[in-house]
Each structure stands twice: as C-alpha cells, then as structure tokens.
Amino acid sequence: MPRNPARLYRALLSRAGDALSTPDDAATRSALYRLLRTPPERDPPELTAVLKELDLGRSYARNHLLSLGAWPDDVAREVEEGLPLRVGRRLARLSEEERNAVRVDARSDRDGTWGQRVARAIERRRVLAAAPAKTAPDGWLPPSETPDLSPAPPGEAWRFPVVAERERRAEALHAALVGAILARWAEPGDAVVDLTAGTGTVGLVAHARGLRCWSSDVTPGAPFVHRMDATDVRFGRGLTPGCAELVFLHPPTYYAWVRDRPAGSVEGREGYAALVAEMIVHAVPVVRPGGLLVVIGRPVREGGVVHTAIGELQRELEEAGTTLVGYHLGVDERGSEDWHVLVGRTARAAG
Ligand SMILES: C[S@@+](CC[C@H](N)C(=O)[O-])C[C@H]1O[C@@H](n2cnc3c(N)ncnc32)[C@H](O)[C@@H]1O
C-alpha cells in the first residue's frame, strides 16, 4: 500500500473514479469533495470500500489529500519525492517565482532534510517579507502594526530550533531566541538598538514584536543596517544618546574575530577582550538611564580547546557600571549550540 501522500492521492482518484464511474479526475475530485463533506453514514458503499482498501480516514482524505490536486505540478512532484505534506502546502501557496527562489535558498542550506531546509527557507522569506526592506527617513525600522505579543518561554534556559549551517557560519542568532529575549525584557513601544546587527535578526524580530529598532554593523548584512564600528559609536542618522530602552551587543566569537581581525589590533585573547570591552563602553551611552544592555556570547570549541568569554562579558558589563539583572541560556534542539545572554541594567538617572 503506498503511503506517500502524492501516490495515495493518485490511488484514491483512480479507485474512486472506477467505483463512482466518474468520467475524469476533475469529476472524481469534485465528487469526492462533495461526498466527504456529508456525514459518513451517507457514503455510498463503493466509497466506503475504497477508503477501507486504501486504509484512509475521511478527514485525511478530504483535508489533506484532495488539496494536493489543486497544487502546482512541481509541488505535487516534490511531495511524491518525499517533501512533507505540511511543507508542500506552504510551498504551494507561493508564486512560481517565489517557489524557485525558496528552492535556491534551501539548496544553499546544508543542514537537515530537504523538507526542513525548504521549511526554513519559506520561514526566512516570510519574516523578510513582513519587515520593511529599508528604514524610515529617521533611520529606524518602524514597528509592525500587527505585533506578535506572544509571551516569553518560561524559565531561564530556552530551547530553540537548530540554526541552519549557513546562518551558523554567519554566527546569526535564531529568531526564536531573539523573540524570547524581547518578550522577557522589552515593553510595547520600546526602542531597541543593535550595534552588531549582522544579518539584522534583532531588527526583524523587534519589528515583528511591535518595537522600533536601529541597527548597525561594520559589515551590514541587510539593507536596513547602518554601517558603523561599535568601538567608535557616532551619534547621528537617528541614533542619539540614551535613545534606547534595550541595546544589543552580539560580538563575533573569539575564533570568528581571529579570522577577520582588523589589521593593527592586539592579537590573542587580550585583543579580543579589548574589543568586547570597547563595544560595551561605547554601547552604554546609547542606553537610556535605567535601561538594559543585552550582551550575547557563544562558547567556541575548536581543536580540543574551549573559549567561552562569558566571564569576560560579565566583568566588562560590571566595569561599565551596569548591574547584571538577567542571565539566560539558549540551547538548540540538538544540544549542539549554546548562546549565553547576559542582561545588564544601567544606573537610573539621579533624582
Ligand atoms: C555574532 S555576529 C552578529 C550576528 C547577528 N546578531 C545576526 O543575527 O545576524 C557578530 C557581528 O559583529 C560584527 N562586528 C565585528 N566587529 C565589529 C565592530 N567593531 N563593530 C560593529 N560590528 C562588528 C560582524 O560583522 C558580525 O556581523
């Protein structure tokens, strides 16, 4: 008995066509839609026999298999080749051009099954499509008018889906982890600044959660990210002292920094610690008094050696005059990636 949904759909059409004596597939499909909407006791015995023979539930046949008949051929073919039905359904809603772009994106992702890669590519497209491509004239990404207000996950250690290899190489955060941080620490209407924005995950998620966001990076990875060195913060282009309730700093990991270390900087751990310290010192004036500085680090294990930098992050946060008020661990579902989130509160204004 074929259990692949595309083959099951074809088997259903063929057997039901014979049993109901319909002239073609289109007529069989509409007869099945009609019959499967009525109570089961009204089913003609021929249909009951077909469903029994194929070991098919009525609601699965009506709600899942029959919809396949309306999908574009390329999507039906992929389902036949093993694409899960729920991913096929999302793919089928896209235009041909969008489907092709999703496939190109999924091919460049090497992590997991084809279905997982296509699902991630569709999700990336959805998040990007929902966000404005550019900042408003004031330099900020405006908030979504229909914000996602889902609450933070419980506890202090959070699970999040596996990050695709490509994003892992770019050291991008998973949107679910950013969502959890913002749900826990930001209030509706807050302004968020991200000084190491990379691909702009914080900005995109802040937008989706109804927050304003200003993003920058030395190497901007999205059109709404301004170019700026976080060790030399220059106010302007919408960035003003004390403008943000939350400032994010997600420095490169030690090994990424070693790889791309700017010419002339101090080598080794000392040089890395100096970079992090400089970033934290420059970020504090951007936070409004009593606001939060969120610093994110990931331990890196390479060549049998682990470099955490978490202690350094905490020390630098405290030396910059903030009080550590939050510490979270974000771990991916495979337990292979761990993000450490430190939240420091700046001093409140006197009086
Ligand atoms: C860990 S990645 C951040 C990834 C980002 N959160 C995302 O989700 O895509 C670190 C980023 O810091 C940037 N970076 C490195 N040195 C910097 C500096 N001095 N000033 C600003 N950004 C810097 C890198 O270009 C990189 O995009």
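A few remarks follow.
- Nearest 10 degrees, 0 to 90: helix 114-130 Cα axis against the chain principal axis: 60
- Choice from Gly179, Gly203, Gly57 showing the highest fluctuation, given a GNM over the chain with Cα pairs closer than 10 Å: Gly57
- Distance between the modelled labels on Glu123 and Ala152, one decimal in nanometres: 2.1 nm (7 Å Cα→Cβ projection).
- Rh by Kirkwood over Cα pairs, then Stokes-Einstein D for the chain at 1.002 mPa s and 20 °C, µm²/s: 92
- For Gly291, net neighbour charge (Lys/Arg +1, Asp/Glu -1) across residues whose Cβ lies under 10 Å away: +1
- DSSP-defined antiparallel bridges as percent of all bridges, the chain, nearest 5: 50
- Residue-averaged [θ]222 nm for the chain, counting only DSSP H segments that reach four residues, each worth -39500 (n - 2.57): -12000 deg cm²/dmol
- Largest GNM mean-square fluctuation across Gly242, Gly268, Gly115, computed for the chain with C-alpha springs under 10 Å, falls on Gly268.
- Contour minus Cα-Cα distance for Glu333 and Asp43 (0.36 nm per residue): 99.9 nm
- 5 angstrom amide H check on Phe248, placed H, neighbours 5+ away: Val193, Asp194, Leu195, Val294
- With Cα atoms, 0 to 90° folded angle of helix 310-319 axis to the chain main axis: 50
- Rg/Rg_ref, the range 209-351, where Rg_ref = 2.2 N^0.38 Å and atoms are Cα: 1.07
- DSSP loop GluC sites (Glu not before Pro) with at most 14 other Cβ within 10 Å excluded, longest remaining stretch of the chain: 157-266
- Expressed to the nearest 5 percent, the antiparallel share of DSSP beta bridges inside the range 212-351 is 70 percent.
- Proximal charge balance of Arg227 [Cβ under 15 Å; K/R count +1, D/E count -1]: -1
- Largest-first ellipsoid semi-axes for the range 213-293, taking √(5λ) over the Cα gyration tensor eigenvalues, angstrom: 23, 15, 10
Only the coordinates and a few stated rules stand behind these numbers; no lab work does. None of the values given here were measured: they were computed from a predicted structure. Cβ sites come from the backbone with ideal geometry, for glycine too, and all protein chains shown count toward neighbours.
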